[in-house]
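Reading through the C-alpha cells given below for one structure.
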C-alpha cells in the first residue's frame, strides 16, 4: 500500500489507511514539496540545501539537511530514497497528488498552502511553482451549492423558506461532499432560487428552482406546501436535500469526487468494499467515519472474514475521525454505533445524544440514538427516535437500513405485523439483506406461514454460506432482538 503526498492545499502526507504522517517541521514539509515536484522525484542534496538553507554557512546547512532527512525518514520509511549526492521519493511507495482543487468560494487552492519558510531561495521557488500551476486549475470537482436569498411576499414566508433551504443545502453539502456559497462568491455551481408566497393559514407555498449557475439553464423546479410545524419543515428539507444530491450526481455520473451513496448503504460485501476503496481517496474526518460505518455493516451482516479485525479497524477509524472532528454529528453518530456493537450502552447513548444536540435534524444521529436506546431497553423511545429518521434523506438513500431499524423497534414493542412489513420493504430494496431475511424467517414462522419462512431460510443459505438453523439458535448469532422476544422457534423447525 502506498503513502499519499498531497501538495495542493497544505502539504499533507497520509498512510495507506488515511492516517496523518505529515512531518511537524516546516523545512521537512518544504523538502516534501521540493521532492514531490522534482523530475523523477529526485534532487541533488546540494540543491535541496541551497533552497532551504541558502543563508546558513555550508557546514551548518549540511547539518540541518541531515536532521530534516532523519525527520523525513521517520515519516516516509522506505519511501525515502538516498544515493550518491541525491535524495528522493520512491514512486512505488509514494503517490504524489497534484490534482487541482477549489476552495469554498470556487477559487483554486494554493500549492503548499500556508507553508512559511523564511528563505529567499525557497520563497522564489515557491512563488514560481504556484504561478506555473495557477493556469491549470479546473472548475470544482463537485458543483458548489450556490444559495440565493429567498424571495417572497411576506417576511414570515421568506423565513420559512430560508430555514428549509439553509438546512437542506448544508445536509446535501455534507453528503456529497461540497460547499455552500453565496452567488456573489463564485462563478459555477448549482444555484438554488426560491419564491415563497404566504397563505392565510400561516403557511406558505414554496417554489424552488435549481439552475446551472454558470449558464443560467434551469435544471429542476418543484413547489411545496410549508407550515411552521417541525414535521413539515423536516419533510420538505429532506426532499430538497435529495434533489440537490441527485442533481449533482446527474451532472457528474460516476464521478469519484462524490461519496459512493449507492454502495455506502448497501448490504453486499463487494459493494461495501468498493465504497471503502473510494472513500480512501478522501481526506478528513467524515470519510474516516464512513469507512468505520462500512465495517459496522460488515459486522452486523457477518461478512467480515475476521470479525475481531474488522471491529478493530472500524474502532481505529472512528477514533481518528473523533480526534479530527469531535463535534461533527456524522462522526459522533458512527462512533455511537461502534460503541453499541461493543456493548458499551452508556457511551453509545452519550455519543448519540451529543450528535442530536449538535444537529437536531440529523437523521443518522437519530438512527444511532435509536440503536443505543434499544440496547438500553427503552423500546418506546427507540421507536420514536427511528421514526424521526423517516423525515430525513438517509431514509431515502439508505431505505433498507432505516426499515431494518424500524423493524427491530417494532418487534421490541410487540408490533410483529408492522415489523414483518418493514423487513419485507427492506428486503425489496436490498434482496441480499441478511438481517431482513432473519426477521422474515422468524416472523413468518411465528404466524404460521411455513412456506414463507422456508423461502427466507433458503435465501439465507444462498447469501450466507455457513448459515444453518442451529447456528441461528446459537448465542453468538446476531439475532438478539428475536431471541429476546422469544421468536426463534423457526430454528427448531427443521426447514
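Throughout, read-outs are computed from the coordinates displayed, never taken from laboratory work. All values reported here derive from a predicted model rather than from experimental measurement. Note that each Cβ is placed from the backbone with ideal geometry, even for glycine, and that neighbours are counted across all protein chains shown.
Some notes on this structure:
- Estimated translational diffusion coefficient (Stokes-Einstein, Kirkwood radius over Cα pairs, 25 °C, 0.890 mPa s) of region 372-480: 172 µm² per second.
- Calculated FRET value between residue 62 and residue 381, using beta carbons and R₀ = 60 Å, to 0.05: 0.35
- Relative to the dominant Cα principal axis of the chain, helix 450-463 is inclined by about 20°.
- Shape of region 169-272, Cα gyration tensor, a/c cut at 1.5: oblate
- Only DSSP H runs of four or more residues enter the estimate; each adds -39500 (n - 2.57), and after division by the residues of the chain the mean residue ellipticity at 222 nm equals -17000 deg cm²/dmol.
- Gyration tensor verdict on region 309-366 (Cα atoms; rounded if a/c is under 1.5, prolate if a/b is larger than b/c, oblate otherwise): oblate
- Taking every C-alpha pair closer than 8 Å and separated by at least 6 residues, the mean separation divided by the residue count of region 312-447 gives a relative contact order of 15 percent.
- In this calculation the C-beta distance from residue 492 to residue 319 is compared with R0 = 60 Å, giving a FRET efficiency of 0.90.
- Zone residues, region 285-316, relative to residue 20, backbone N less than 14 Å from point 7 Å out along Cα-to-Cβ: 285-286, 288
- Within region 1-20: backbone nitrogen closer than 20 Å to the residue 73 label point (7 Å, Cα to C-beta): 3
- Whole-number percent relative contact order across the chain, with pairs defined as alpha carbons under 8 Å at least 6 apart: 8
- Within region 469-486, backbone nitrogen closer than 18 Å to the virtual label 7 Å beyond the Cα of residue 447 toward Cβ: 482, 485-486
- Against the rule of thumb 2.2 N^0.38 Å, how large the Cα Rg of region 3-134 comes out: 1.02
- Taking label positions 7 Å along the Cα-Cβ direction at both residue 350 and residue 95, the computed distance is 3.8 nm, reported to one decimal.
- Separation in nanometres of the label points that stand 7 Å from Cα toward Cβ, at residue 163 and residue 134: 4.6
- Cα-based helix-to-principal-axis angle, 434-446 vs the chain, degrees rounded to 10: 10
- With contacts taken as Cα pairs under 8 Å and at least 6 residues apart, region 3-134 reaches a relative contact order of 36 percent.
- Rounded to the nearest angstrom and listed largest first, the equivalent-ellipsoid semi-axes of region 261-492 from its Cα gyration tensor are 28, 20, 16.
- DSSP finds beta bridges in the chain, and of those with both partners inside it, around 70 percent are antiparallel.
- Cα-based helix-to-principal-axis angle, 379-389 vs the chain, degrees rounded to 10: 60
- Among the listed values [x] 47, 32, 18; [y] 61, 27, 20; [z] 78, 30, 20, the one computed from these coordinates for semi-axes √(5λ) of the Cα gyration tensor in Å is [x].
- Using the Cβ-Cβ distance between residue 461 and residue 269 with R0 set to 22 Å, the FRET efficiency from 1/(1 + (r/R0)^6) comes to roughly 0.85.
- Residues 215, 14 in ascending order of nearby Cβ atoms (within 10 Å, fewest first): 215, 14.
- Surface/4 estimate of mean projected area, convex hull on alpha-carbon atoms of region 6-59, nm²: 4.6
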